[in-house]
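Report on the following structure.
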Amino acid sequence: MPQAVATPAASAAAAPTPAPRRRTRGGAADGVRRLFVLDTNVLMHDPTCLFRFEEHDIYLPMIVLEELDNNKKGMSEVARNARQASRTLDALAATVRGDIRDGVALTALGHREATGTLFFQTEPFTQALPDGIAHGKADNQILVVVQALKARHPDRDVVLVSKDINMRIKARALGLAAEDYENDKTIDDVELLYTGMLALPADFWSRQGKSVESWQQGGHTFYRIGGPIVEQLLLNQFVYYEAPGEPALYARVVELRGRTAVLRTLKDYTHLKNAVWGVTARNREQNFALNLLMDPDIDFVTLAGTAGTGKTLMALAAGLTQVLDERRYSEIIMTRATVSVGEDIGFLPGTEEEKMGPWMGALDDNLEFLAQGARNSAGEWGRAATNDLIRSRVKIKSMNFMRGRTFLNKYVIIDEAQNLTPKQMKTLITRAGPGTKLVCMGNLAQIDTPYLTEGSSGLTYVVDRFKGWPHGGHVTLARGERSRLADFASEVL
């Protein structure tokens with residue numbers, strides 16, 4: 001995973017040859033510090049990227065600074081990142097006491113993990129590119145710089161780092177090394193993402209033998225287990241044991257201490273007597289999810305899964321039960337990323353809630369389903385009263401106005417979280433005040449935000465960072481329950 005940084009440019013020749021360094025992630029095989037030439041889009045994607053390349057050096061072409069200046073105006077995230085990158089570069093340049101051509105130490109601002117040097121382009125390069133490539137284009141000017149640095153420093157690995165796919169293709173076509181900036185990716189392979197559950201081995205009980213300790217408390221059975229399997233467990237992770245002819249076990253890890261773990265059996269939400277606002281779990285993963293959603297000790301829940309796995313329905317049903325029946329929270333607040341699947345339909349009229357209305361079709365569909373129980377047992381007035389009561393406790397908010405807010409005693413649902421960046425996710429989660437529960441849901445296979453991937457999505461980010469937290473839990477829902485048509489389409493399309 002390219003995580004290194006650029007190396008000195010023009011003035012690098014004057015710099016002393018660095019002593020052999022230990023090989024780090026992204027480092028060259030011989031341990032030599034690499035020289036990374038950064039494209040503008042890397043700085044605008046992650047303004048802190050200058051300090052992400054460990055012991056390697058960074059080189060910034062002059063055209064990159066010009067492009068940062070051209071993109072700094074406006075209130076978009078790209079413009080904010082361009083301004084932040086410019087401020088960081090200004091602060092680094094201000095620390096120079098000698099000739100700036102000798103480079104700027106990246107540790108000057110206190111980032112001790114970045115031990116490399118930042119070099120600015122201080123002289124023009126006249127390297128020739130093949131015919132047909134316009135020299136005036138910014139991307140091609142950067143390629144000229146990379147080509148010149150490679151010729152000037154044949155003993156060093158000069159690598160272009162760019163988020164632009166076509167830029168990397170052109171560089172490789174010219175025989176230049178090019179890499180994507182992947183330091184923002186939480187995981188390389190989404191298949192490795194924490195699922196929130198673990199299947200116990202078939203010989204689990206025979207291995208545990210007489211060492212397992214069990215007791216009952218508060219309607220739950222607890223098991224204290226030991227052995228090598230404890231090393232694989234995390235707090236609030238679900239474990240299950242299913243074997244033909246033997247009783248099944250579904251439990252959650254509630255304590256990890258040394259080489260022992262305590263498992264607590266779950267409440268069975270597949271049974272009608274434990275229905276949540278008329279909704280029962282239809283499979284193992286839904287039962288796990290409802291146990292998290294209904295637990296007052298869990299403040300943060302993440303649900304991932306394909307279309308039709310019941311994420312929104314379960315989150316709403318659990319919210320309505322805890323708001324209207326148990327009075328645990330004062331109201332439900334629902335928001336989502338307003339990213340269109342196709343062409344944007346333009347501005348929407350009305351108040352904030354009315355503007356968000358078209359984006360909340362999933363909310364309306366699920367509320368209609370959840371209100372069916374009351375419709376079957378009540379008349380016209382009963383149905384109207386139930387709908388009014390439900391909608392009075394469900395508020396729709398736009399993410400654009402979340403900065404600075406604090407939610408007290410609320411049940412907050414963030415839908416389509418896969419379209420959020422890690423920075424946006426942090427902004428939303430830090431809005432939670434005392435007594436608030438936050439539920440993030442999304443399908444990593446349906447990312448509509450440009451430049452976001454399964455590895456860099458905000459949903460992937462929080463699932464990975466919150467795993468093992470005593471007051472957070474995650475479940476990956478695997479089986480669709482919407483309809484046989486929807487399930488088949490999810491598999492074959």
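Go through (1) at pLDDT 90 or above; (2) under 16 Å from Arg336 (Cα atoms) one by one and return the number of the condition Pro422 breaks. So the condition that Pro422 fails would be (1). Mind checking whether some residue in region 195-218 is over 30 Å from Asn274 (Cβ atoms), hydroxyl-bearing (Ser, Thr, Tyr) and within 37 Å of the chain's Cα centre (by Cα)? No: zero hits. Taking (1) among the small types (Gly, Ala, Ser); (2) modelled with pLDDT under 85; (3) over 11 Å from Ala307 (Cβ atoms) in turn, Gly472 satisfies each apart from (2). Looking only at residues of region 162-213 that are polar (S, T, N, Q) and under 30 Å from Pro422 (Cα atoms), we find that the one that is modelled with the lowest pLDDT is Thr186.
Would you please name the residue that is nearest to Met197 (Cα to Cα), looking only at residues in region 239-251 that are assigned to a strand (DSSP E or B) and in contact (Cβ under 8 Å) with a residue 40 or more places away in the chain? Steps first, please.
Taking region 239-251 as the starting set, the residues that turn out to be assigned to a strand (DSSP E or B) are 239-241, 249-251.
Applying the additional criterion that residues be in contact (Cβ under 8 Å) with a residue 40 or more places away in the chain yields 239-241, 249.
On the way: Val239: 6, Tyr240: 8, Tyr241: 11, Leu249: 13 Å.
If we take residues in region 239-251 being assigned to a strand (DSSP E or B) and in contact (Cβ under 8 Å) with a residue 40 or more places away in the chain, then Val239 is nearest to Met197 (Cα to Cα).
Quick one: is Asn287 at pLDDT 95 or above, polar (S, T, N, Q), outside the structural domain of Gly219 (by TED's automatic domain parsing) and within 28 Å of Gln216 (Cβ to Cβ)? So Asn287 passes the test. The residues in region 186-200 that are exposed (fewer than 12 other Cβ atoms within 10 Å of the Cβ) and in a loop (DSSP other than H, G, I, E, B) can be counted, and the count is 2.
Taking first residues from region 355-373 that are in the same structural domain as Leu320 (by TED's automatic domain parsing) and partners that are loosely packed, with under 14 Cβ neighbours inside 10 Å and modelled with pLDDT of 65 or more, the Cβ contacts under 6 Å between residues at least 6 apart in sequence or on separate chains come to Lys355/Leu348.
Scanning region 57-97 for residues being part of a loop (DSSP other than H, G, I, E, B) and touching a strand residue (DSSP E or B) at 6+ places or on another chain (Cβ under 8 Å) gives a total of 3. Within region 101-144, being basic (Lys, Arg) and either over 35 Å from the mean Cα position of the chain (by Cα) or in a strand (DSSP E or B) (or both) holds for one residue alone: Arg101. Please determine, by comparing only the residues of region 156-183 that are charged (D, E, K, R) and in contact (Cβ under 8 Å) with a residue 40 or more places away in the chain, which one is farthest from Leu38 (Cα to Cα). Only one residue fits best here, namely Arg156. Sort out which residues of region 67-83 are exposed (fewer than 14 other Cβ atoms within 10 Å of the Cβ), in contact (Cβ under 8 Å) with a residue 12 or more places away in the chain and more than 21 Å from Leu452 (Cα to Cα), and write them in order of number. Correct list: Asp69 only.
List the strands (runs of 3 or more DSSP E) inside region 383-490, counting only whole elements, that have at least 2 residues being small (Gly, Ala, Ser) and touching a strand residue (DSSP E or B) at 6+ places or on another chain (Cβ under 9 Å).
Values: elements: 394-396, 410-415, 437-442, 472-477.
Of the strands (runs of 3 or more DSSP E) lying wholly inside region 383-490, those with at least 2 residues that are small (Gly, Ala, Ser) and touching a strand residue (DSSP E or B) at 6+ places or on another chain (Cβ under 9 Å) span 472-477.
Selection over region 12-40 of residues that are modelled with pLDDT of 50 or more and either touching a helix residue (DSSP H, G or I) at 6+ places or on another chain (Cβ under 8 Å) or in a loop (DSSP other than H, G, I, E, B) (or both) gives a count of 10. Filtering Glu213, Glu255, Glu285 for residues that are within 27 Å of Gln322 (Cα to Cα), of a type outside the set (Phe, Trp, Tyr) and free of Cβ contacts under 8 Å to residues at least 24 places away in the same chain leaves a single hit, Glu255.
Looking across region 258-280, the residues that are touching a residue at least 24 places away in the same chain (Cβ under 8 Å) and of a type in the set (A, V, I, L, M) come down to Ala261, Val262, Leu263, Leu266, Val276, Val279.
The values are calculated or read from the model by the stated rules, or taken from the named source; none is laboratory data. Keep in mind it's a predicted model, so treat the numbers as computed, not measured. We place every Cβ from the backbone using ideal geometry, glycine too, and count neighbours over all the protein chains shown.
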